[in-house]
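Here the structure is laid out as structure tokens; the discussion comes afterwards.
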Amino acid sequence: MTAPSATSAPDAAPPAKPSLLGLTRGELADALRGLDLPEREIRMRVNQLWNWIYFHGVRDFDAMLNVSKVLRARLADRFTLARPEVVSEQVSTDGTRKWLIRMPPVDARDKGVEIECVYIPEADRGTLCVSSQVGCTLTCTFCHTGTQKLVRNLTTQEIVAQLVVAREKLGDFPGLTPPDDGIVPSGEGVRAVSNVVFMGMGEPLYNLDNVCDALAIMSDGDGLSLSKRRITVSTSGVVPQIGELGARSGAMLAISLHAVRDDLRDKLVPLNKKYDIAELLQACRDYPGASNARRITFEYVMLKGVNDSDADARELVRLLKGIPAKINLIPFNPWPGAPYECSDWGRIEKFSDIVFNAGYASPVRTPRGRDILAACGQLKSETEKLRARARLAAE
């Protein structure tokens, strides 16, 4: 898990006209009621707006050709379709893209926040890693961005906006052109963003209501239309909310495990002191819809001499018995002064072989975007460091 910060101007104020982008169907209906539309007309108008906003990705009400000019004018008078500002875009040598996105203030007390999301292209898919909080409370010791303080939860609109911004940047809405660097998957029937993972800043299950609403918008077949089997929510182990996530969203589940003993996991993932490994794995066994076709992913960062022994691998296999699972082995992404080192490649391969021979898929996640600090555990850290240096220089 990872984290962001409040960095807008101190006198920033909420926009005079709110954006409809990121609203649920119910919220769009309420917005139309505010225009005094007849109740019998609202459902039809919601369907029209939904299609234009989420399927076509339009930025202007005038583009909504099957909506009357009078209603378009009324909508434009009260609302916008504004997106958050993309402050910067970085492209890695491996094609990974990282966007620093500035969200406008949500109320008079909010100064506006910045978050990062990352796009990872592969031959057969494109995965967008989105953030769910501004900051993080979990202080996992192997995660650099987890050292940033929690500012607030992201709203449903702010979560959905990350996907919309990515689709625009990648030419993934009708009529748009993908970047010409040849790295983004494209072609007939191919979507640049085919998968979404909640593995960015924050702990998604500490923002469950907004995450579930965002999942419903992302998976709605008349709009953004992502398959629920292609949306994965990763948690460090907020046990009471795991079952609720499955029941409410139908999303795929990933667990940041990283250790097979409570004493070690207490250090790596302090949340383990509240919900230990046994409780966490029981919640996984009970996860709604878990099956061999909908396996739970267990993320395991490889730390040299810490959690990477043959005994650790065998214990991992024992712990996961009876759970439809795959194990994602993640080479540790170091930073200056990090308390850990990445396991040697030979050690990672041996660990993977033990798990694989026990019948579990155990892919080793290829580090992506390290040169732009977009790899696992690195989000927002360099941005914060550069800003801190600039502040010191100005004093």
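Collect the residues in region 339-365 that are of a type in the set (K, R) and either free of Cβ contacts under 8 Å to residues at least 40 places away in the same chain or crowded, with 19+ Cβ neighbours inside 10 Å (or both), keeping them in residue-number order. Of everything in region 339-365, just one residue is of a type in the set (K, R) and either free of Cβ contacts under 8 Å to residues at least 40 places away in the same chain or crowded, with 19+ Cβ neighbours inside 10 Å (or both), namely R365. Residues in region 221-248 that are farther than 28 Å from R191 by Cβ and of a type in the set (G, A, S): S236, G237, G243.
Screening L316 with (1) assigned to a loop (DSSP other than H, G, I, E, B); (2) at pLDDT 95 or above gives one miss only, at (1). Only one of the numbered conditions (1) surrounded by 15 or more Cβ atoms within 10 Å (Cβ to Cβ); (2) outside any loop (DSSP other than H, G, I, E, B) is violated by A82, and that is (2). Only one of the numbered conditions (1) part of a loop (DSSP other than H, G, I, E, B); (2) at pLDDT 95 or above; (3) among the β-branched types (V, I, T) is not met by V165, and that is (1).
Does T93 satisfy the criteria of being in a loop (DSSP other than H, G, I, E, B) and at pLDDT 85 or above? Yes: the conditions hold for T93. Comparison of G359, G346, G377, G369 shows that the only residue that is out of contact with any Pro (no Cβ under 9 Å at 6 or more places or on another chain), at pLDDT below 55 and assigned by TED's automatic domain parsing to the domain that holds H258 is G377. Looking for something in contact with a Lys or Arg (Cβ under 8 Å, 6 or more places away or on another chain), at pLDDT 95 or above and in a strand (DSSP E or B) - is there at least one such residue anywhere in region 329-336? Yes, that holds for at least one residue. State yes or no: is P334 surrounded by 15 or more Cβ atoms within 10 Å (Cβ to Cβ) and free of Cβ contacts under 8 Å to residues at least 24 places away in the same chain? Yes, satisfied. Within region 118-135, being buried (at least 21 other Cβ atoms within 10 Å of the Cβ) and touching a strand residue (DSSP E or B) at 6+ places or on another chain (Cβ under 6 Å) holds for V118, Y119, I120, L128, C129, V130, S131, S132, Q133, V134.
Considering the conditions (1) part of a helix (DSSP H, G or I); (2) surrounded by fewer than 17 Cβ atoms within 10 Å (Cβ to Cβ); (3) of a type in the set (A, V, I, L, M, F, W, C), A214 is excluded by exactly one of them, (2). Does V118 qualify as being in contact (Cβ under 8 Å) with a residue 24 or more places away in the chain, over 30 Å from A29 (Cβ atoms), over 17 Å from the mean Cα position of the chain (by Cα) and part of a strand (DSSP E or B)? Criteria not met by V118.
Scanning region 189-211 for residues that are among the charged types (D, E, K, R) and not in a helix (DSSP H, G or I) turns up R191, E203. The condition of being under 25 Å from Y54 (Cβ atoms), among the small types (G, A, S) and either in contact with a helix residue (DSSP H, G or I) (Cβ under 6 Å, 6 or more places away or on another chain) or not assigned by TED's automatic domain parsing to the domain that holds L224 (or both) holds for S132.
Just one of (1) within 24 Å of A166 (Cβ to Cβ); (2) over 22 Å from the mean Cα position of the chain (by Cα) fails for I53. It is (2). Restricting the search to helices (runs of 4 or more DSSP H) fully inside region 221-312 and requiring at least 2 residues that are over 22 Å from the mean Cα position of the chain (by Cα) gives 262-268, 277-285.
The values are calculated or read from the model by the stated rules, or taken from the named source; none is laboratory data. Predicted model, so just to flag it, every value in this text is computed and none were measured. Virtual Cβ from ideal backbone geometry, glycine too; neighbours counted across all protein chains shown.
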